[in-house]
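**Student:** Take a look at the following structure, please.
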Amino acid sequence: MGKEMNELQQREILVHSLGVFELRALARELGIASPTTKKREELISLIFDILKDGTQIKIKAHKRGRPFKKLSSVDAIVSSVQNTPKQEEATISGVVSFMQEEDSLNSFCGNTAILEGYVRIAKDGRFCIFDIDAWASAYIPEDIDGAELLKLGAKVKVSASMNTNKNHYDATAVLEVEGVKVEDAIDTEIDMGEEVIGYNDIKFGNFTAKEGRRNVYSFEEELFEDDKFKNLVNFCDKNNYQLKVLSIDTPYENQILFKSLDIPDTFISNYGDNDGEGINKVVDVANHAKYQTELGKKVIVFVPDIITALRKVDEFIIKTHAEKQPLIFQNGRSEYAIAVMQNLLTTAKAYSKGYSTTLIMGYNKIDENDIFLTTDILKISKKLN
């Protein structure tokens with residue numbers, strides 16, 4: 001009996017240590033209704049009631065909450081509160097979280113600044129953003145105005161002040177969420193329905209991609225040299241798809257192409273940019289695509305050169321983290337680079353309610369023997385040519 005009480009007390013201490021964002025994500029996994037409308041103490045009380053009942057918890061695969069402090073995923077926290085042993089392993093979510101904080105690379109935008117970026121998770125579990133235009137990041141405290149509306153992947157604008165001791169910004173207020181002023185923003189949860197296999201066609205030049213899947217094609221000519229991409233933009237406009245472009249180390253001609261088509265969500269690093277821009281863009285586009293799908297959108301993520309994106313992510317990780325932590329390599333790539341790219345690949349899904357995220361990825365024929373391409377991407381993707 002004493003042992004049982006001790007285990008329950010340990011789980012209660014763990015729950016008490018969580019912030020409001022972690023509690024909401026855990027409550028959602030436990031099936032507690034409308035967790036975002038409840039205060040911290042109410043959430044703790046409801047979670048305790050479930051723990052005391054000994055109810056078996058089932059993980060909902062399509063739900064995503066904020067990764068927890070000192071824990072990498074909802075699966076890990078649920079295992080902890082249930083006192084179920086779980087083998088330590090480098091999960092994709094844990095690895096991506098590991099890569100999302102680089103204080104030393106911040107630029108100075110003034111003592112106060114307005115920053116805009118996509119909500120992500122820092123290594124210590126806090127929400128933060130990397131500014132879209134400046135090499136600067138801001139942590140977002142849980143108690144500032146508008147923080148209760150934030151979710152992983154949301155595009156937000158914040159006011160911030162420089163924390164000179166730690167070389168980053170601290171947000172002082174959330175101003176906008178997804179382009180809507182915070183006072184007008186509404187926190188909603190959409191019924192996604194069941195995960196299904198996508199069969200709807202998406203026209204891409206002479207190719208027919210499949211909605212909700214990973215689609216891949218090879219190319220020899222650059223994107224600006226034909227009309228495939230313009231056709232895809234027109235298709236998205238006519239059929240109400242949200243188009244995201246992820247292009248790393250982008251040649252000048254493709255930069256002009258993207259600008260000329262006035263695409264709202266582009267995740268682009270230009271040729272010769274800081275290597276860290278690439279990994280930021282890959283992480284942000286994956287988070288944002290998942291977030292928008294969960295808002296009830298049909299999303300297409302277009303990646304004109306997936307192998308260049310992988311290569312630049314890998315180069316950055318090797319350069320900045322090899323001395324901090326020993327790197328493990330798989331088929332010539334660091335495990336962290338592979339995990340970041342696999343996180344992107346897992347965004348492709350379709351749901352019975354009509355929402356979806358579709359990946360369309362290109363690779364240069366020069367890279368057709370790349371091991372990650374042949375062992376991961378091609379094996380799980382629909383080949384368009």
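The values are calculated or read from the model by the stated rules, or taken from the named source; none is laboratory data. This one's a predicted model, so the numbers in the text were calculated from it and none came from an experiment. Here the Cβ positions follow ideal geometry from the backbone for every residue, glycine too, while neighbour counts run over all protein chains shown.
**Student:** Out of region 202-228, which residues are exposed (fewer than 14 other Cβ atoms within 10 Å of the Cβ) and either out of contact with any Lys or Arg (no Cβ under 7 Å at 6 or more places or on another chain) or among the hydrophobic types (A, V, I, L, M, F, W, C) (or both)?
**Tutor:** 206, 208, 221, 225, 226, 227
**Student:** If you check every pair at least six apart or on different chains, which have Cβ atoms under 6 Å apart with a residue in region 129-140 that is assigned by TED's automatic domain parsing to the domain that holds residue 118 first and a residue that is outside any strand (DSSP E or B) and basic (Lys, Arg) second?
**Tutor:** Partner pairs satisfying both residue conditions: 139/126.
**Student:** Also, I was wondering about something else. Cβ-Cβ below 7 Å, separation at least six or inter-chain, first residue in region 153-164 and free of Cβ contacts under 8 Å to residues at least 40 places away in the same chain, second assigned to a strand (DSSP E or B): which pairs?
**Tutor:** Close Cβ pairs (under 7 Å, with a partner that is assigned to a strand (DSSP E or B)) amount to 163/169; 163/170.
**Student:** Sticking with this one: Just a yes or no: is a residue in region 191-198 more than 27 Å from residue 374 (Cβ to Cβ), at pLDDT below 90, touching a helix residue (DSSP H, G or I) at 6+ places or on another chain (Cβ under 6 Å) and surrounded by fewer than 20 Cβ atoms within 10 Å (Cβ to Cβ)?
**Tutor:** So far as region 191-198 goes, no, none of its residues is more than 27 Å from residue 374 (Cβ to Cβ), at pLDDT below 90, touching a helix residue (DSSP H, G or I) at 6+ places or on another chain (Cβ under 6 Å) and surrounded by fewer than 20 Cβ atoms within 10 Å (Cβ to Cβ).
**Student:** Further, regarding this structure: Determine if region 314-336 includes at least one residue that is farther than 18 Å from residue 121 by Cα, surrounded by 22 or more Cβ atoms within 10 Å (Cβ to Cβ) and touching a residue at least 60 places away in the same chain (Cβ under 8 Å).
**Tutor:** no
**Student:** Further question: Scanning for something under 28 Å from residue 255 (Cβ atoms), of a type in the set (Lys, Arg) and modelled with pLDDT of 95 or more, does region 298-321 turn up at least one residue?
**Tutor:** Yes, because at least one residue in region 298-321 is under 28 Å from residue 255 (Cβ atoms), of a type in the set (Lys, Arg) and modelled with pLDDT of 95 or more.
**Student:** Next question, about the same structure. In region 364-377, is there at least one residue being under 30 Å from residue 221 (Cβ atoms), part of a loop (DSSP other than H, G, I, E, B) and touching a residue at least 40 places away in the same chain (Cβ under 8 Å)?
**Tutor:** Yes, region 364-377 contains at least one residue that is under 30 Å from residue 221 (Cβ atoms), part of a loop (DSSP other than H, G, I, E, B) and touching a residue at least 40 places away in the same chain (Cβ under 8 Å).
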